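Chemist: Would you mind keeping the following structure in view while I ask a few things?
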Amino acid sequence: MNSQRLKRIMIHRSSTCLKPPLKSVRSSTNYLERMPPEVTEKIISYLDAESLFCLGFVNKNFHELAENNTMWYRFYTCQRAKMKTSRLIKDVTDGVDMASIQEKPKGYWRRVFFKELASHNGSWRKKLKSIHSYTGLPIRTVEIIRSLGVMWEITVKEARGHENRIKHSHVYFGQASLTVGWSSGNWPILDKPTTLELHGVMLVPIKCPVTYRPGWRSLLRKFVIKKDGGKLYSSDRVISLLYIEKGVTVGVWQKQQEIAFVLVNLHYHKLVERHLMGSSTTSYESTDMQARFDDIDPDYGLHGYSVHLELHNTVESIASVSFSQLFCRKDQIADGYIPLQVISKENRSRQTPLCGKTSLPWRTEALQGRIEHCCIMTLTVLAEAQTPFWCVSDPVAITKSNHEEVSYDSKGESFFMEYQDSDGKLVIELEWMEEQKQFVMVNLILLLSVGKVNRHFRRDY
């Protein structure tokens, strides 16, 4: 045998040995798919909640199995039972049979279980019972929000159906409200109306990667942004501030007319409930409690009011004042409003200086600045029973007075801050003290809507 022929034989044999064996039909069979559903469910029933949740990320089939209502209902009842005495455990399961469990949509009991974990089994309710003597709001609201690990997300929904979620970049906790800011994000161009949804998000405390960890989402705001929409209330050389609706401010680049940042103010009144008792599509709506009817007091609903006012920005408090025992006489009711004089020029003891800078700092990924003569106003009006009657947290601008009348008591130029919605009005007169380089509140009048007073106190003023 010559050398060339021997070489060809060796190459042929070596190539044959390197070829992978043919895959048998049996080795490619997916036994899990061929397994009876009862057997599969029995196997995964031994998993804990964390493992069952993570199983849903494997593939479509496992995702269907991981939404099994029976198993998630079992986790839910066990979680509820941990926080109840033995006498109350049956309250969780009474009236719920296997048929009613299975009738729920897929994933229903998983969502209920996560909500139970996120709300820490209602322990927050006890913490809300301690009320602040000045604001009339729960003292521990900020503590609860922090302990729940709340995050805030804005979901941008464009007309073509594309959705984009943007997490908040910073938050400021005030005395009666918080301000959440978004300094960056893939914001849409304002050439077409765009829907933005604000959700409070609480990650469920289970052992799995943070990226995939489930969270309870509660809808807080839903608003539409469009070109030439909103009310311009202040600006600088770079940014224009647009007031969209209650508590929502959008910073827009003046040249490009694109969104630069978003600020949202959330009043503490029922804030914890709004985060925990809403859903991803429906906001929590609290029922306004009417005051007890009083047929003895002819001026019922016209006295006993208290006011807490805080002016602040996204960094610091500018002023904080509280006043009580405010009243109005029947002959003072006019134009559909009940006036309450809080600060007057005649009573200098109540006149209050603004300690901080009346400006609103803003920032984006690349730039930051400060818009002068504007801030955020958080107003809490309490009724006679010291319960919240009118709660507002919105931006306000300082404008120069157009009155030319001369006041010999005035020491500086006059300015105004005004706010109005369907529940009432607030008018603040300021004087600029040049020597002290600060504003002073010299006049403050609160006007409550007669309709709101009548509904609350069951009167007919």
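The values are calculated or read from the model by the stated rules, or taken from the named source; none is laboratory data. What you see is a predicted model, and the numbers here were worked out from it, not measured in a lab. Cβ sites come from the backbone with ideal geometry, for glycine too, and all protein chains shown count toward neighbours. The area values use the complete protein model at the heavy-atom level, side chains included, leaving out ligands, DNA and RNA. Shrake-Rupley method; radii C 1.70, N 1.55, O 1.52, S 1.80 Å.
Chemist: Determine which member of the set D460, D421 is in contact with a helix residue (DSSP H, G or I) (Cβ under 8 Å, 6 or more places away or on another chain) and either at pLDDT 90 or above or of a type in the set (A, V, I, L, M) (or both). Walk me through how you get there before you give the answer.
Modeler: Values: D421 fails: in contact with a helix residue (DSSP H, G or I) (Cβ under 8 Å, 6 or more places away or on another chain).
Exactly one residue qualifies, and that residue is D460.
Chemist: Go through the stretch 326-378 and report how many residues are of a type in the set (S, T, Y), over 21 Å from F173 (Cβ atoms) and either assigned by the TED database to the domain that holds L266 or under 32 Å from the mean Cα position of the chain (by Cα) (or both).
Modeler: Residues of the stretch 326-378 that are of a type in the set (S, T, Y), as a first pass: 337, 344, 349, 352, 358-359, 364, 378.
Filter once more, so that each one left must be over 21 Å from F173 (Cβ atoms): 337, 344, 349, 352, 364.
Okay, now just the ones that are also either assigned by the TED database to the domain that holds L266 or under 32 Å from the mean Cα position of the chain (by Cα) (or both), so 337, 352, 364.
Going through the stretch 326-378 one residue at a time, the tally reaches 3.
Chemist: Tell me which of these S320 doesn't satisfy, since it passes every other one: (1) farther than 17 Å from M377 by Cβ; (2) not hydrophobic (A, V, I, L, M, F, W, C); (3) not in a loop (DSSP other than H, G, I, E, B).
Modeler: (1)
Chemist: Can you tell me which residue is farthest from T281 (Cα to Cα) among those in the stretch 204-250 that are of a type in the set (A, V, I, L, M) and open to solvent by 50 Å² or more (accessible area, probe 1.4 Å)? I'd like the intermediate steps shown before the answer.
Modeler: To start, the set of residues in the stretch 204-250 that are of a type in the set (A, V, I, L, M) comprises 204, 206, 210, 219-220, 224-225, 232, 238-239, 241-242, 244, 248, 250.
Retained after the next criterion (residues that are open to solvent by 50 Å² or more (accessible area, probe 1.4 Å)): 210, 224, 232, 238.
Working: V210: 23, V224: 16, L232: 29, V238: 35 Å.
Checking each candidate, the answer is V238.
Chemist: So which residues in the stretch 136-166 are under 25 Å from H269 (Cβ atoms), open to solvent by 10 Å² or more (accessible area, probe 1.4 Å) and either without any contact (Cβ under 8 Å) to a residue 24 or more places away in the chain or polar (S, T, N, Q) (or both)?
Modeler: Within the stretch 136-166, I139, R140, E143, R146, S147 meet the criteria.
Chemist: Within the stretch 34-70, track down each residue that is within 24 Å of S100 (Cβ to Cβ), of a type in the set (S, T, Y) and part of a helix (DSSP H, G or I).
Modeler: Scanning the stretch 34-70 gives T40, T70.
Chemist: Only one of (1) aromatic (F, W, Y); (2) open to solvent by 40 Å² or more (accessible area, probe 1.4 Å); (3) under 32 Å from the mean Cα position of the chain (by Cα) is not met by F323, so which one is it?
Modeler: Going through (1) aromatic (F, W, Y); (2) open to solvent by 40 Å² or more (accessible area, probe 1.4 Å); (3) under 32 Å from the mean Cα position of the chain (by Cα) one by one, F323 breaks only (2).
Chemist: Looking only at the stretch 144-169, which residues are part of a loop (DSSP other than H, G, I, E, B) and either within 22 Å of W216 (Cβ to Cβ) or in the same structural domain as T77 (by the TED database) (or both)?
Modeler: L148, G149, H168, S169
Chemist: Please determine whether any residue of the stretch 376-389 is within 17 Å of V442 (Cα to Cα) and modelled with pLDDT of 90 or more. Don't jump to the end; show me each part of the working.
Modeler: If we filter the stretch 376-389 for residues that are within 17 Å of V442 (Cα to Cα), which is where we start, we get 377.
After this cut, where a residue has to be modelled with pLDDT of 90 or more as well, the list is 377.
Yes, some residue in the stretch 376-389 is within 17 Å of V442 (Cα to Cα) and modelled with pLDDT of 90 or more.
Chemist: While we're here: Looking at this structure, is K115 closer than 22 Å to L276 by Cβ, under 19 Å from the mean Cα position of the chain (by Cα), at pLDDT below 85 and charged (D, E, K, R)? Steps first, answer last, please.
Modeler: On the way: closer than 22 Å to L276 by Cβ: yes; under 19 Å from the mean Cα position of the chain (by Cα): yes; at pLDDT below 85: yes; charged (D, E, K, R): yes.
Considered against the rule, which asks whether it is closer than 22 Å to L276 by Cβ, under 19 Å from the mean Cα position of the chain (by Cα), at pLDDT below 85 and charged (D, E, K, R), K115 comes out as yes.
Chemist: While we're here: Provide a single number: the residues in the stretch 170-183 that are assigned to a loop (DSSP other than H, G, I, E, B) and either open to solvent by less than 40 Å² (accessible area, probe 1.4 Å) or modelled with pLDDT of 95 or more (or both). Spell out the reasoning first.
Modeler: So the first thing to find is which residues in the stretch 170-183 are assigned to a loop (DSSP other than H, G, I, E, B), and the list is 174-176, 183.
Subsequent filtering for residues that are either open to solvent by less than 40 Å² (accessible area, probe 1.4 Å) or modelled with pLDDT of 95 or more (or both) retains 174, 176, 183.
Matching residues across the stretch 170-183 total 3.
Chemist: Might you let me know whether the stretch 255-265 holds any residue that is basic (K, R), without any contact (Cβ under 8 Å) to a residue 12 or more places away in the chain and surrounded by fewer than 18 Cβ atoms within 10 Å (Cβ to Cβ)?
Modeler: First, the residues of the stretch 255-265 that are basic (K, R): 255.
So of that shortlist, the ones also without any contact (Cβ under 8 Å) to a residue 12 or more places away in the chain come out as 255.
Checking which are surrounded by fewer than 18 Cβ atoms within 10 Å (Cβ to Cβ) leaves us with 255.
There is at least one residue in the stretch 255-265 that is basic (K, R), without any contact (Cβ under 8 Å) to a residue 12 or more places away in the chain and surrounded by fewer than 18 Cβ atoms within 10 Å (Cβ to Cβ).
Yes/no matrix, rows are residues, columns are (1) among the charged types (D, E, K, R); (2) modelled with pLDDT under 90; (3) in a strand (DSSP E or B):
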site	(1), (2), (3)
S279	no, yes, no
Q290	no, yes, no
V307	no, no, yes
T314	no, no, no
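Every residue, every condition in (1) in contact (Cβ under 8 Å) with a residue 40 or more places away in the chain; (2) not aliphatic (A, V, I, L, M), yes or no:
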site: S235; (1), (2): yes, yes
site: I239; (1), (2): yes, no
site: K270; (1), (2): no, yes
site: E273; (1), (2): no, yes
site: G278; (1), (2): yes, yes
site: Y284; (1), (2): yes, yes
site: Y300; (1), (2): yes, yes
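Chemist: Still on this structure: Among what's in the stretch 365-387 and is among the β-branched types (V, I, T) and surrounded by 19 or more Cβ atoms within 10 Å (Cβ to Cβ), pick the residue that is nearest to Q325 (Cα to Cα).
Modeler: First, pick out the residues of the stretch 365-387 that are among the β-branched types (V, I, T): 371, 376, 378, 380-381, 387.
In the following step, the residues that additionally are surrounded by 19 or more Cβ atoms within 10 Å (Cβ to Cβ) were identified as 371, 376, 378, 380-381.
Numbers: I371: 36, I376: 25, T378: 20, T380: 14, V381: 11 Å.
So the residue we want is V381.
Chemist: Same structure again: I'd like to check something: does the stretch 128-143 contain any residue that is of a type in the set (A, V, I, L, M) and assigned to a helix (DSSP H, G or I)? Step through it out loud before you land on a result.
Modeler: Pass one, the stretch 128-143, residues of a type in the set (A, V, I, L, M): 128, 131, 137, 139, 142.
With assigned to a helix (DSSP H, G or I) added as a condition, the list becomes 142.
The answer is yes, given that some residue of the stretch 128-143 is of a type in the set (A, V, I, L, M) and assigned to a helix (DSSP H, G or I).
Chemist: Then there is this: Can you tell me which residue among S280, S306, S320 is within 30 Å of E197 (Cβ to Cβ) and either of a type in the set (G, A, S) or in contact with a strand residue (DSSP E or B) (Cβ under 7 Å, 6 or more places away or on another chain) (or both)?
Modeler: Values: S306 fails: within 30 Å of E197 (Cβ to Cβ); S320 fails: within 30 Å of E197 (Cβ to Cβ).
So the residue among S280, S306, S320 that is within 30 Å of E197 (Cβ to Cβ) and either of a type in the set (G, A, S) or in contact with a strand residue (DSSP E or B) (Cβ under 7 Å, 6 or more places away or on another chain) (or both) is S280.
Chemist: Next up: Would you confirm whether any residue within the stretch 340-362 is within 30 Å of I259 (Cα to Cα), open to solvent by 30 Å² or more (accessible area, probe 1.4 Å) and touching a Lys or Arg at 6+ places or on another chain (Cβ under 9 Å)? Explain how you work it out, then say what you get.
Modeler: The first filter runs over the stretch 340-362 and keeps only residues within 30 Å of I259 (Cα to Cα), leaving 356-362.
Now restrict to residues that are open to solvent by 30 Å² or more (accessible area, probe 1.4 Å): 357.
Retained after the next criterion (residues that are touching a Lys or Arg at 6+ places or on another chain (Cβ under 9 Å)): 357.
Yes, the stretch 340-362 contains a residue that is within 30 Å of I259 (Cα to Cα), open to solvent by 30 Å² or more (accessible area, probe 1.4 Å) and touching a Lys or Arg at 6+ places or on another chain (Cβ under 9 Å).
Chemist: Another question, then. Hey, can you tell me all the residues within the stretch 439-460 that are aliphatic (A, V, I, L, M), assigned to a strand (DSSP E or B) and either surrounded by 21 or more Cβ atoms within 10 Å (Cβ to Cβ) or more than 30 Å from the chain's Cα centre (by Cα) (or both)?
Modeler: Going through the stretch 439-460, the residues aliphatic (A, V, I, L, M) turn out to be 440-442, 444-448, 450, 453.
Narrowing further to those that are assigned to a strand (DSSP E or B): 440-442, 444-448.
The answer is V440, M441, V442, L444, L446, L448.
Chemist: Could you please find all residues in the stretch 184-205 being touching a strand residue (DSSP E or B) at 6+ places or on another chain (Cβ under 7 Å), of a type outside the set (G, A, S) and assigned to a loop (DSSP other than H, G, I, E, B)? Spell out how you get there, then give the answer.
Modeler: Going residue by residue through the stretch 184-205, those that are touching a strand residue (DSSP E or B) at 6+ places or on another chain (Cβ under 7 Å) are 185-190, 193-204.
Filter once more, so that each one left must be of a type outside the set (G, A, S): 186-190, 193-199, 201-204.
Answer for the stretch 184-205, where residues must be touching a strand residue (DSSP E or B) at 6+ places or on another chain (Cβ under 7 Å), of a type outside the set (G, A, S) and assigned to a loop (DSSP other than H, G, I, E, B): N186, W187, P188, L190, P193, V204.
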